[in-house]
Amino acid sequence: MSTWLIYALLSALTAALVAIFGKIGLQNLDANTATAIRAVIMALFLVGIVVVQGKLNLISEILANRKALLFILLSGIAGALSWLFYFLAIKHGKVSQVAPIDKLSVVFAVVLAVILFGEKISLITSAGIILITLGALMVALG
């Protein structure tokens, strides 16, 4: 099995746990405050990973690259907004409905990659995108 596929499957599994643990943890709590606490925990965890890997010195390299830093900043803001909306959605809705709609991010990412990066997609890929869209809607609304 390819390394990227293993990581992608682990990402999908841990993302599913975010939904489950988040739904349990949000009971009777403010979703935005809970998301902020989650973000702090994630930041501390990730800084710990960087320290353990001995890569703390690479931070200055990233800070020196203004363009990369801008897009990392924008990515962080987009990620934070995604978490805020996701936690609000699972607080007020069913995980079995919210999670499939959230996965429409796959469709949005492919469409944006075609528009912004000129990535080419095949007929099979287009069919897959349509099926993902229909599948997410069927699971969420069915």
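The table below gives the values:
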| read-out | value |
| --- | --- |
| Accessible carbon and sulfur surface of segment 1-64 relative to its total accessible area, %, 1.4 Å | 75 percent |
| Relative contact order (%) - criterion: Cα under 8 Å, at least six apart; region: the chain | 29 percent |
| Mean residue ellipticity (222 nm) of the chain, computed from DSSP H runs ≥ 4 via -39,500 (n - 2.57), nearest 500 | -28000 deg cm²/dmol |
| Alpha-carbon centroids, segment 83-100 and segment 28-64: separation in whole Å | 23 Å |
| Ordering of 121-132, 76-87 by burial proxy (mean other Cβ atoms within 10 Å per residue, highest first) | 76-87, 121-132 |
| Scaled radius of gyration (Cα, divided by 2.2 N^0.38 Å) that segment 90-137 gives | 1.32 |
| Mean accessible surface per residue for segment 1-126, computed with a 1.4 Å probe while every protein chain stays in place, in Å² | 75 Å² |
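The values are calculated or read from the model by the stated rules, or taken from the named source; none is laboratory data. Keep in mind it's a predicted model, so treat the numbers as computed, not measured. With ideal geometry, Cβ positions are generated from the backbone for all residues, glycine too; neighbour counts draw on all protein chains shown. Surface areas here come from the heavy atoms of the whole protein model, side chains and all, with no ligands, DNA or RNA. Shrake-Rupley method; radii C 1.70, N 1.55, O 1.52, S 1.80 Å.
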